[in-house]
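I have placed the structure first, in the form of structure tokens, so that the comments after it can refer back to it.
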Amino acid sequence: MDIENGVVGLVDILSEHFDPTAVVAEPLPPVVTTNGDLIGKVAEDPKKREIVLGRNVHTTCLAVTEPDANDEFTGDKDAYMASVLARYRKNLMERTKHHLGYPYNLDFDYGALSQLQHFSINNLGDPFIESNYGVHSRQFEVGVLDWFARLWEIEKNEYWGYITNCGTEGNLHGILVGREVHPDGILYASKDTHYSIFKAARMYRMECEKVDTLMSGEIDCADFRAKLLANKDKPAIINVNIAKNEIGAGLVLASVSGSCEQAPKVSFKKPIGSVSVSGHKFVGCPMPCGVQITRLEHINVLSNNVEYLASRDATIMGSRNGHAPIFLWYTLNRKGYKGFQKEVQKCLRNAHYLKDRLRDAGISAMLNERSSTVVFERPQDEEFVRRWQLACQGNIAHVVVMPSVNIEKLDDFLNELVEKRSTWYKDGKVQPPCIAADVGTENCVCGRHK
């Protein structure tokens with residue numbers, strides 16, 4: 001692009017041969033170590049594995065251009081945009097087919113809700129108090145909140161909550177409630193918890209203690225006890241998560257849906273201050289969203305009445321997606337508790353199938369009890385990792401078996417992985433990684449632990 005007098009010149013419309021799904025040759029991005037420092041191509045500390053960042057999107061971005069004067073008559077611009085969208089849809093279908101590493105349920109059909117896409121639905125303000133903006137979906141939002149309140153065993157007159165824009169927003173809100181109730185409290189969280197927890201601690205300038213974990217990913221209770229005793233003069237704000245680390249220590253829907261008899265139950269009958277869960281993951285939704293519920297007695301410390309809204313401000317965001325509650329309401333009504341229970345059982349069965357097939361193929365693998373996250377050795381080829389969209393950390397990768405992951409997809413993945421490994425390790429110069437430190441010696445089948 002040409003820049004003249006500080007104004008960026010317009011980019012020519014891309015040719016009709018442009019393919020937004022094409023792989024563009026480009027230099028690799030800078031390598032980053034686990035502490036976030038840029039170090040070039042070689043890690044200064046050989047014990048730290050380099051983090052390979054994704055491709056630079058500027059090499060394949062779609063330019064926004066001004067329409068030509070005659071576009072209204074020729075229709076060229078509309079035809080161009082239609083072709084880009086059609087090819088993009090084809091790309092989405094291909095990427096959905098090869099998605100395994102992240103906990104998103106990509107199997108849903110909300111065609112019945114397309115009639116509502118013409119409306120700007122905004123639930124700004126408190127879900128329980130209407131604002132002066134009338135194009136909202138609070139009746140759906142509160143219905144969804146009541147469903148989760150029953151699930152988590154708290155009465156309607158004892159809870160407050162809202163549909164968030166994502167799970168991270170729910171975490172930010174829950175920790176904010178904790179800090180407002182206990183201004184000098186210390187936040188305790190597993191060192192393997194979701195990264196948003198430590199982001200919240202930085203944002204709120206809270207003192208934070210990272211608690212060690214066991215091989216299974218569970219909190220090390222001995223270390224937790226020691227850290228609590230070292231700070232017993234200050235209140236404790238404790239973050240407890242289920243299935244939000246690399247090795248999947250527990251399955252959230254297994255416990256909250258009562259799908260596993262031995263699973264711990266999430267219940268406000270226990271001393272819980274707030275609960276947050278993503279809505280676009282196991283439930284399945286085309287846009288990121290989440291559910292946050294806290295005790296009503298806590299919400300007054302951070303809420304204010306706003307005349308401009310004719311409502312109360314107690315949420316992290318101001319404007320809130322009013323479509324998301326409708327999508328959640330729709331799928332909760334269609335599936336219900338029993339429908340989710342069946343999906344959980346299917347996920348657990350398929351996860352065991354994947355783990356067993358990996359082990360049969362001589363690949364190190366682990367599956368925690370009541371989890372659908374299968375952990376295995378990290379593939380050597382980063383292109384393979386990108387193709388199957390695997391989540392990796394150090395020498396391990398994982399597949400999260402969601403309702404949209406069926407046996408056919410798992411077989412395709414396994415067959416391709418086995419074929420690739422026969423190429424990666426055929427001459428014996430390179431050996432599969434030892435992951436005993438991550439999954440235990442009983443789950444590692446490297447040359448040393450066979």
### Task
For residues that are acidic (Asp, Glu) and not in a strand (DSSP E or B), scanning just the range 200-223, find the one that is surrounded by the fewest Cβ atoms within 10 Å (Cβ to Cβ).
Glu207
### Message
Restricting to the range 146-165, count the residues that are closer than 15 Å to Ile326 by Cα, surrounded by fewer than 24 Cβ atoms within 10 Å (Cβ to Cβ) and in contact (Cβ under 8 Å) with a residue 24 or more places away in the chain.
### Response
3
### Task
Looking only at the range 276-319, count how many residues are β-branched (Val, Ile, Thr), open to solvent by less than 30 Å² (accessible area, probe 1.4 Å) and either out of contact with any strand residue (DSSP E or B) (no Cβ under 7 Å at 6 or more places or on another chain) or not in a loop (DSSP other than H, G, I, E, B) (or both).
6
### Message
Among the residues of the range 340-364, what is the count of those that are open to solvent by 10 Å² or more (accessible area, probe 1.4 Å) and not in a helix (DSSP H, G or I)?
### Response
2
### Query
Quick check: is even one residue across the range 199-218 among the hydroxyl-bearing types (Ser, Thr, Tyr) and within 19 Å of Ile175 (Cα to Cα)?
yes
### Message
For the condition assigned to a loop (DSSP other than H, G, I, E, B), touching a helix residue (DSSP H, G or I) at 6+ places or on another chain (Cβ under 6 Å) and within 30 Å of Asn56 (Cβ to Cβ), what is the one hit in Pro433, Pro379?
### Response
Pro379
### Tally, over the range 345-364, of residues that are touching a Cys at 6+ places or on another chain (Cβ under 9 Å) and either without any contact (Cβ under 8 Å) to a residue 40 or more places away in the chain or not hydroxyl-bearing (Ser, Thr, Tyr) (or both)
2
### Query
How about the range 77-112: which of its residues are open to solvent by 50 Å² or more (accessible area, probe 1.4 Å), touching a residue at least 40 places away in the same chain (Cβ under 8 Å) and outside any helix (DSSP H, G or I)?
Tyr102, Tyr104, Leu106, Asp107, Phe108
### Message
I'd like the full set of residues that are within 23 Å of Ser404 (Cβ to Cβ) and either of a type in the set (A, V, I, L, M, F, W, C) or open to solvent by less than 80 Å² (accessible area, probe 1.4 Å) (or both), limited to the range 113-130.
### Response
Leu113, Ser114
### Task
Considering (1) open to solvent by 50 Å² or more (accessible area, probe 1.4 Å); (2) in a loop (DSSP other than H, G, I, E, B); (3) not aliphatic (A, V, I, L, M), say which one Tyr337 fails and leave the rest.
(2)
### The lone exception for Asp412 - which of (1) surrounded by 10 or more Cβ atoms within 10 Å (Cβ to Cβ); (2) over 27 Å from the mean Cα position of the chain (by Cα); (3) acidic (Asp, Glu) it fails
(2)
### Query
Is it the case that the range 225-235 has a residue that's crowded, with 18+ Cβ neighbours inside 10 Å, in a loop (DSSP other than H, G, I, E, B) and at pLDDT below 95?
no
### Message
Can you report the number of residues in the range 175-199 which are in a strand (DSSP E or B) and hydrophobic (A, V, I, L, M, F, W, C)?
### Response
3
### Tabulated pairs, the range 405-424, first closer than 17 Å to Glu377 by Cα, second assigned to a helix (DSSP H, G or I) and among the charged types (D, E, K, R), C-beta under 7 angstrom, 6+ apart or interchain
Leu414/Arg357
### Message
So for the range 86-95 (the condition being under 30 Å from Asp438 (Cβ atoms) and of a type outside the set (A, V, I, L, M, F, W, C)), does at least one residue qualify?
### Response
yes
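The values are calculated or read from the model by the stated rules, or taken from the named source; none is laboratory data. Fair warning: this is a prediction, and the values are worked out from it, not measured in the lab. All Cβ positions, even for glycine, are placed from backbone atoms using ideal geometry, and neighbour counts span all protein chains on display. Note: areas computed on protein heavy atoms with side chains; ligands, DNA, RNA excluded. Shrake-Rupley method; radii C 1.70, N 1.55, O 1.52, S 1.80 Å.
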